[in-house]
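Below is one structure; the comments refer to it alone.
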Amino acid sequence: MAKEGAQRAEETEQMIEKDGGGEAAEGGAAGSLRAGDTKEMRAVLLSAFGGLNKLRVSKKAMPEPQEGELKIRVKACGLNFIDLMVRQGNIDNPPKTPLVPGFECSGIVEALGDSVKGYEIGDRVMAFVNYNAWAEVVCTPVEFVYKIPDDMSFSEAAAFPMNFVTAYMMLFEVANLREGMSVLVHSAGGGVGQAVAQLCSTIPNVTVFGTASSFKHEAIKNSVTHLFDRNADYVQEVKRISSDGVDIVLDCLCGENTGKGLSLLKPLGTYILYGSSNMVTGETKSFFSFAKSWWQVEKVNPIKLYEENKVIAGFSLLNLLFKQNRGGLIKSVMDKLLNLYNSKKIKPVVDSLWALEEVKEAMQRIHDRGNIGKLILDVEKAPTPLMANDSTETSEAGEEEEDHEGDNENKERMPFIQ
């Protein structure tokens with residue numbers, strides 16, 4: 001193990017020299033940054049909330065770890081639907097722009113802040129980050145960092161935390177999934193949907209109903225018990241197979257699906273809302289689409305829940321981590337998940353790899369619901385020329401052509417469920 005650690009530390013030093021030295025050479029230096037110079041890194045910058053044109057790859061000062069933090073040389077970053085909502089400003093209390101998006105990444109430990117224990121330079125890790133993940137280097141508190149199994153790739157590691165922790169906590173911590181129960185999950189072909197399907201397979205006799213776009217059915221048909229077209233009347237299809245409904249509904253769509261999900265619950269069943277993707281209809285935020293989806297939401301009557309013995313719940317992993325200080329709970333869940341991975345019972349599904357400069361195209365793929373599994377930003381991947389021309393910054397000042405489409409809609413921001 002000591003030998004492997006030394007080899008990884010050497011690889012990290014070589015990578016640092018490669019990344020830092022290349023930038024210095026371009027500036028006419030002697031091939032490496034001198035002590036006292038400000039080190040820079042590439043990062044995806046969101047200049048303002050809005051459309052895809054608000055994203056570009058830019059240079060930023062490299063962060064250094066504070067007390068209790070790890071500095072990570074990033075290899076891969078996870079792309080999630082919540083990132084699309086952040087870009088549009090469709091979340092409660094969004095941070096000020098400009099900002100670097102992204103909430104999860106994988107890479108190699110490059111430096112340790114004071115009082116950090118349990119990690120060494122060169123360790124392969126995956127981590128949650130409170131924004132700033134889409135960059136060559138990130139710093140994050142040690143409680144949000146987890147070591148990567150030896151046979152897990154960096155792209156798989158970047159696809160692991162958000163999807164599997166979300167799926168596990170909804171199924172086992174909130175809904176108490178047990179043998180013989182049934183689950184309905186929307187967007188069954190996405191990262192969370194595939195994680196849900198895999199985790200359900202670890203419990204005997206669990207029936208999984210899934211909805212997904214029809215073009216995904218062939219690829220994911222073996223991961224769920226019953227698969228329906230997302231545009232079909234899935235309520236009647238589920239009731240045809242199980243007349244009394246299901247035990248658990250996992251809803252990332254919201255809107256009219258809230259009422260449908262509640263209607264499908266068995267007595268003592270649990271409906272969990274963990275997203276609101278139906279409220280995102282265009283490239284930029286739309287007040288009309290928000291209002292339409294909001295009025296389609298079933299107005300929950302507590303007395304009716306009491307009479308029908310039903311449970312309605314919500315789940316936001318990011319709030320649990322960064323606002324409600326439940327890092328210790330998440331750590332225990334990650335330990336269980338990594339045991340399942342090491343036992344070959346679960347494995348993250350990676351849809352595709354994209355360069356940082358291809359972030360616009362990657363985001364469009366998520367918007368179009370075109371992915372099966374997780375989209376990954378590969379920091380070391382070279383962009384294809386046509387994509388790179390559109391995604392990098394247009395000048396040293398970062399000036400770019402403004403997208404006026406939807407400007408009037410963007411003046412008002414409504415509360416949004418993450």
When residues of the range 142-153 are limited to those that are of a type outside the set (A, V, I, L, M, F, W, C) and under 15 Å from residue 74 (Cα atoms), the one most open to solvent (accessible area, probe 1.4 Å): 147
Pick from the range 228-241 the residues that are of a type outside the set (S, T, N, Q) and over 18 Å from residue 197 (Cα atoms): which of them is surrounded by the fewest Cβ atoms within 10 Å (Cβ to Cβ)? 240
Hits in the range 164-176 (condition: in a helix (DSSP H, G or I) and open to solvent by 10 Å² or more (accessible area, probe 1.4 Å)): 166, 168, 172, 173, 174
Within the set of pairs 6+ apart or on separate chains, which have a first residue in the range 248-275 that is touching a residue at least 40 places away in the same chain (Cβ under 8 Å) and aromatic (Phe, Trp, Tyr), a second that is part of a strand (DSSP E or B) and surrounded by fewer than 20 Cβ atoms within 10 Å (Cβ to Cβ), and C-beta atoms under 6 Å apart? 271/312
Here is a list of conditions, (1) under 30 Å from residue 114 (Cβ atoms); (2) free of Cβ contacts under 8 Å to residues at least 60 places away in the same chain, and residue 46 meets all of them except one; can you say which number that is? (1)
Within the range 177-198, restricting to residues that are in a loop (DSSP other than H, G, I, E, B) and without any contact (Cβ under 8 Å) to a residue 40 or more places away in the chain, the one that is least open to solvent (accessible area, probe 1.4 Å) is 188
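Table: residues versus (1) of a type outside the set (A, V, I, L, M); (2) crowded, with 21+ Cβ neighbours inside 10 Å; (3) touching a Ser or Thr at 6+ places or on another chain (Cβ under 8 Å); (4) outside any helix (DSSP H, G or I).
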residue: 346; (1), (2), (3), (4): no, yes, yes, yes
residue: 361; (1), (2), (3), (4): yes, no, yes, no
residue: 370; (1), (2), (3), (4): yes, no, no, yes
residue: 375; (1), (2), (3), (4): no, yes, yes, yes
Could you please find all residues in the range 242-256 being open to solvent by less than 70 Å² (accessible area, probe 1.4 Å), over 24 Å from the mean Cα position of the chain (by Cα) and not small (Gly, Ala, Ser)? 246, 247
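Any idea how many residues of the range 102-124 are of a type in the set (Val, Ile, Thr) and part of a strand (DSSP E or B)?
Final tally of qualifying residues: 2.
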Consider residue 392 against the criteria (1) among the β-branched types (Val, Ile, Thr); (2) at pLDDT 95 or above; (3) open to solvent by 50 Å² or more (accessible area, probe 1.4 Å): it satisfies all of them except one. Which criterion is unmet? (2)
Against the definition (surrounded by fewer than 23 Cβ atoms within 10 Å (Cβ to Cβ), touching a strand residue (DSSP E or B) at 6+ places or on another chain (Cβ under 7 Å), hydroxyl-bearing (Ser, Thr, Tyr) and free of Cβ contacts under 8 Å to residues at least 40 places away in the same chain), how does residue 214 come out, yes or no? yes
Mind counting the residues in the range 77-101 that are touching a residue at least 60 places away in the same chain (Cβ under 8 Å) and assigned to a loop (DSSP other than H, G, I, E, B)? 6
What single numbered condition from (1) open to solvent by 20 Å² or more (accessible area, probe 1.4 Å); (2) in a helix (DSSP H, G or I); (3) aliphatic (A, V, I, L, M) fails to hold for residue 353? (2)
Pull out all pairs, ordered by first then second residue, where Cβ-Cβ is under 9 Å, the residues are six or more apart or on different chains, the first lies in the range 329-347 and is closer than 16 Å to residue 158 by Cα, and the second is of a type in the set (Lys, Arg) and not in a helix (DSSP H, G or I). 338/147; 341/347
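The values are calculated or read from the model by the stated rules, or taken from the named source; none is laboratory data. Remember, predicted model here, so these are calculated numbers, not experimental data. Positions of Cβ are backbone-derived with ideal geometry, glycine not excepted, and every protein chain shown enters the neighbour counts. With ligands, DNA and RNA removed, areas are computed over all heavy atoms of the protein, side chains included. Shrake-Rupley method; radii C 1.70, N 1.55, O 1.52, S 1.80 Å.
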